[in-house]
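Here is the structure we will look at.
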Amino acid sequence: MNGDRTAILGRIREALREPAPRHHDKPAAVPAGSLTSAPFREWLPAVEPLPKDRIALFAKLSEMLRTEFVECSSVKAAGDHIAGLAEAGAWKRIALHAGELTVAVAAELPANLAQMKLEAGYDKRELEACDAGFTECECLVAQTGSVCVTSPSSGGRALSVLPPHHIAIARRSQVVADLTAAYELLAAKYRDRYPSFISFITGPSRTGDIERILVLGAHGPKRLTVLLVP
């Protein structure tokens, strides 16, 4: 117990060296024309404004979260990376939905890797038996290293959850600074027709409930790969 106590107090001391984003005084008013209901940004750590800095932060957090983050030079390069994963893991079948990027990348995959397309209908047990689920997303959040998915952007609720390996693809322009920007994007896109499913995926599924031992894949995919294309 003494070792645990020392480690916990050490982490607290380290955290206290970093100043809070702002003092806990009266929050500012919501800016005119804002699509969100509260000024969340003032309570959260700032993010550099340049796209390259956002991508660098997302890459850094991905490494910490055990997310495989790969910047691809093209759609073909993204397909080649998935083909390499399939070969290394002896994959037989990958599940995907009909999106602009998913269809383009799927055309680059080897013929011996079967493709289960959700639009044709599917059995959830067959989906769970696929080696990977391949989806698009709404955005990537630099501030938290999260992938924001919704039912329209990721082919429903199950595709990003049931297969043991989730592969998400996004364009560089989809990397947003923070959670506020993500919610503003969703509000502008959907307004009064919000999807029934919105999720921020921050690393592979994990739990530490049992004896504080980290277990990956407890409630969802054990692996998460994020591919970024131009």
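Would you please classify the overall shape of segment 70-119 from the alpha carbon gyration tensor, given that a ≥ b ≥ c denote the square roots of the eigenvalues, rounded means a/c under 1.5, and beyond that prolate means a/b larger than b/c while oblate covers the rest? Verdict is oblate for segment 70-119. Once you reduce segment 51-93 and segment 141-181 to the center of their Cα atoms, the two points are 13 Å from each other. Near Val226, the amide H atoms lying under 5 Å from its own belong to Glu68, Phe69, Val70, Ala168; only residues 5 or more places off or on other chains count, and H is placed 1.01 Å from N.
Distance between the 7 Å Cα→Cβ label points at Ala188 and Ala129: 4.4 nm. Taking label positions 7 Å along the Cα-Cβ direction at both Thr6 and Ala120, the computed distance is 6.0 nm, reported to one decimal. Remark on Val175: its backbone amide H falls under 5 Å from those of Leu140, a criterion applied only to residues 5 or more positions apart or on other chains, H modelled at 1.01 Å from N. Label sites at Ser151 and Ala56, each approximated as a point 7 angstrom past Cα along Cα to Cβ, lie 4.0 nm apart.
A short reminder: the numbers here are calculations on the coordinates, not readings from a lab. Here the structure is a predicted model, which means the values were calculated and not measured. Cβ sites come from the backbone with ideal geometry, for glycine too, and all protein chains shown count toward neighbours.
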